[in-house]
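Bear in mind that the values in this text are calculations on the coordinates, not laboratory data. Predicted model only: the values in this text are computed from it and were never measured. Every residue, glycine as well, gets a Cβ built from its backbone with ideal geometry; the counts of neighbours run over all protein chains shown.
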Amino acid sequence: MMGDVIIFNDESIDFIWNTIQNQQIIFHPEIAPEGKIKYDIFAATKRRKTLTLFVDRNILSSLLKFCEIGSLKNKGESQLIGVIMAWAIFNDMPISAGMAIKERAFQLRSQEKGLVELQKFLEIFEVYPGQMWLQVAEGQLAEIPPIKYSNTLAQNISVNYADGGDHYDMAVASLLHAVWLYRDQTKRPIEKVREFIQWMYDYLLVSEYLLVYVIMLFTGQDNIKAPKHANSNDLGKIVAGCKNQAWDIAYLTNWSTLYSDTDKYSEEFLFATNDILLKRIFVNCNTPFGVNGLLFNVFHKKEYNQLMDYIEDRVCNRIKPDFGGKPQVYFQELIEEEKRKIQTLLKI
């Protein structure tokens, strides 16, 4: 795709950029902290580094389905896919679907399925001309020639797509603990937030994205839902809901390791999503005052000061947890402990 040529006129360029900005689907802590790209920073970064665009599972699924069937029931959905593809081509920006492929491969417990899906993704860029994506973006095409995927495995790949990874495991454990606190009707929101912070500092690496999510959840912010089946009396359903939502957090935390120390990488990574929850978490985490600002906005001044005093004390006296030589074993044991706590709660 990066060698493809699209003829863009001024109207097409304006349309693509305006749609990207209005839809608020591209994110980066400096380039697009609220989903609206800051042109000057974008241009300056592009002159220094290669830009790469990560896409989430929903975008990848829509793209694969669109190309396999040749159309989508929701024309707006296919048009948005066209906009993302055309915008990436216009900016000579590779698209990466690695995390999205990992999500499904892990759920299926199949490296083979992951490699097949990766190959499908790669074939899309070999088959379709860039000009077609511009026509889809502008609404000139609602249907495209369906692709006949080879269904072969991508070759020379060292990534284990069937392994969720440490960030995913930490997110699962954290969401199970969050559900345990969420269901406790005896605690006030400030108590739940404080206990979650204490638990995270004791057992895991600190994730600001997780903190933002649980703060918004415990304080009842709009469009912030608990993991699916959080109020169920079936432990299996609760765990499944947490595992599903953990991918949202894992996208952000994995990505954050790439942009937190940009000097280590020759690329700069942007993230594309149209998921409301992911947008809310990212934006609230990357405002000028971050987690601190969110706490200030959702709690009364007295409660805010109490929390900040507690956090400052914990930061100064914190001893980071030791995950040992096999972090995955540590995380799985923590997940099992959180499951037992919820199981005990269900028996009360």
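Descriptive notes on the structure:
- Only the Cβ atoms of Lys and Arg (+1) and of Asp and Glu (-1) were treated as charged; on that basis the dipole of region 107-155 about its Cα centre amounts to roughly 220 debye.
- Only one residue of TYR310, LEU72, ALA162 has its Cα farthest out toward the positive end of the dipole of the chain, where Lys and Arg carry +1 and Asp and Glu -1 on Cβ, and that residue is TYR310.
- Net charge dipole size for the chain [Lys, Arg +1 and Asp, Glu -1 on Cβ; Debye, nearest 20]: 1000
- Kirkwood Rh and Cα Rg combined as Rg over Rh, evaluated for region 80-151: 1.02
- Highest to lowest packing among 166-173, 62-69, scored as the average C-beta count within 10 Å: 166-173, 62-69
- Think of the chain as a dipole: +1 on every Lys or Arg Cβ, -1 on every Asp or Glu Cβ, centred on the Cα centre; then among ILE59, ILE84, LEU134, ILE59 lies furthest on the positive end.
- Counted over all Cα-Cα pairs of region 119-195, pairs farther apart than 19 Å make up 66 percent.
- Where Rh is the Kirkwood radius over Cα pairs, Rg/Rh for region 287-335: 1.18
- Rg [Å, one decimal], Dmax [Å, integer] - the chain, C-alpha atoms: 21.5, 66
- Förster radius 35 Å - calculated FRET efficiency between GLU191 and SER158, Cβ distance, rounded to 0.05: 0.15
- In terms of its C-alpha gyration tensor, region 217-348 comes out rounded, because the ratio a/c of the largest to the smallest axis stays below 1.5.
- Alpha-carbon gyration tensor eigenvalues x 5, square-rooted, for region 164-212, Å: 20, 11, 8
- Selection from LEU210, GLN198, TYR182, by position along the positive dipole direction of region 168-214 (Cβ): TYR182
- Taking 29 Å as the limit for the C-alpha separation, the pairs LYS36/LYS339; LYS102/LYS187; LYS237/LYS279; LYS113/LYS341; LYS75/LYS279 exceed it in the case of LYS36/LYS339; LYS102/LYS187; LYS113/LYS341.
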